[in-house]
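Below is one structure, written out as structure tokens; comments come after it.
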Amino acid sequence: MSRLIIRIWIYVLPLPLAVAMYFLWAAWSHDRRFALFVMLLPLFYGYVVPGIATNIMHKWRFKGAWVVGHYYVHHGFLYAANMSPLLLLSFLGTPRETLSPETGLRILLCTGALNGFVYWVHDILMVRHGLVEIYNRPAAEGRSPEEIVTHYAPFCFFLIGLTYAAAALLAFHIFVIQHKSDLATIGWVSLVGMVLMIAIPSLVYRVLERK
């Protein structure tokens, strides 16, 4: 059963779910720029960071159908489809107005925690069923899929979710609350979001890698 679940998760859900999530975000926020931002940010991240990690740094290698190089041809859509629903769950009930620090903190922590848990389960299933090879210390020692994935996944994916939520909160304030939409604003907000998502989790992964 778990093999069927992970194969549906990887091969069936990403494209239709990513498209559906764009419309859900647009309906919730009443702002297509914000909806595009929260969908395109993880999509871009999902191509750039795993692409570098697999094809250049050789940290892990994905296996199975639809693999180009060492990762999936739809890899960015995997991230967009997995991360955007978890962010929406954290945003539900949030008013479309300037958010209090408490609300912002709740969104950050909830998104981080949801991503840490969901991707932990996701990667365990992938390792268990031979859909990815991860080259870390537990894998070299012949440890179980649970030990291999737990070495990095909960904390690193918590930080990926946290930084994604931080970027979304910034975009929410700029696009939805302040109604700014010029190209310069879109550019710097997107750059800040991508730097947050790439820099912090990657640095932590490198530290965990040495343990």
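The values are calculated or read from the model by the stated rules, or taken from the named source; none is laboratory data. Everything quoted here is computed from the prediction, not taken from an experiment. Ideal geometry is used to build each Cβ from the backbone, glycine not excepted, and the neighbour counts take in all protein chains shown. Surface areas here come from the heavy atoms of the whole protein model, side chains and all, with no ligands, DNA or RNA. Shrake-Rupley method; radii C 1.70, N 1.55, O 1.52, S 1.80 Å.
Sequence-distant contacts, meaning Cα pairs under 8 Å at least 6 residues apart, place the relative contact order of the range 1-137 at 30 percent. Taking GluC sites (Glu not before Pro) in DSSP loop states with no more than 13 other Cβ atoms inside 10 Å as exposed sites, the chain has its longest site-free stretch at 1-96. In the full protein context, the chain carries 48 Å² of accessible surface per residue, based on a 1.4 Å probe and ignoring ligands, DNA and RNA. Say a paramagnetic label sat at a point 7 Å from the Cα of Arg96, along Cα to Cβ; which residues of the range 169-189 have their backbone N under 17 Å from it? The answer is 169-181, whose backbone nitrogens lie closer than 17 Å to the label point. When nucleic acids and ligands are ignored and a 1.4 Å probe is applied, Arg128 ends up with an accessible area of around 110 Å². Taking 0.36 nm per residue of sequence separation and removing the Cα-Cα distance, the Val121/Arg3 pair yields an extension gain of 41.2 nm. Among Pro201, Pro85, Pro101, the largest mean-square fluctuation in a Gaussian network model of the chain (Cα springs under 10 Å) belongs to Pro101. Calculate the length of the line joining the C-alpha centroid of the range 78-145 to that of the range 15-61, in whole Å. The distance from the Cα centre of the range 78-145 to that of the range 15-61 comes to 13 Å. Rounded to the nearest 20, the Cβ-based charge dipole of the chain about its Cα centre (Lys and Arg +1, Asp and Glu -1) stands at 340 debye. Computed from Cα positions, the angle between helix 183-209 and the longest principal axis of the chain comes to roughly 30 degrees. Counting chymotrypsin sites (Phe, Trp or Tyr not before Pro) as exposed when in a DSSP loop with at most 16 other beta carbons within 10 Å, what is the longest stretch of the chain free of them? Longest site-free region, per DSSP loop and neighbour criteria: 136-211. Label points 7 Å out from Cα along the Cβ direction at Ala65 and Trp28: separation in nm? That separation, rounded to one decimal, is 3.1 nm.
Note on the chain: Cα-only Rg and Dmax are 17.1, 53 Å.
Counting protein heavy atoms only, the range 75-211 has 69 percent of its accessible area on carbon and sulfur, 1.4 angstrom probe.
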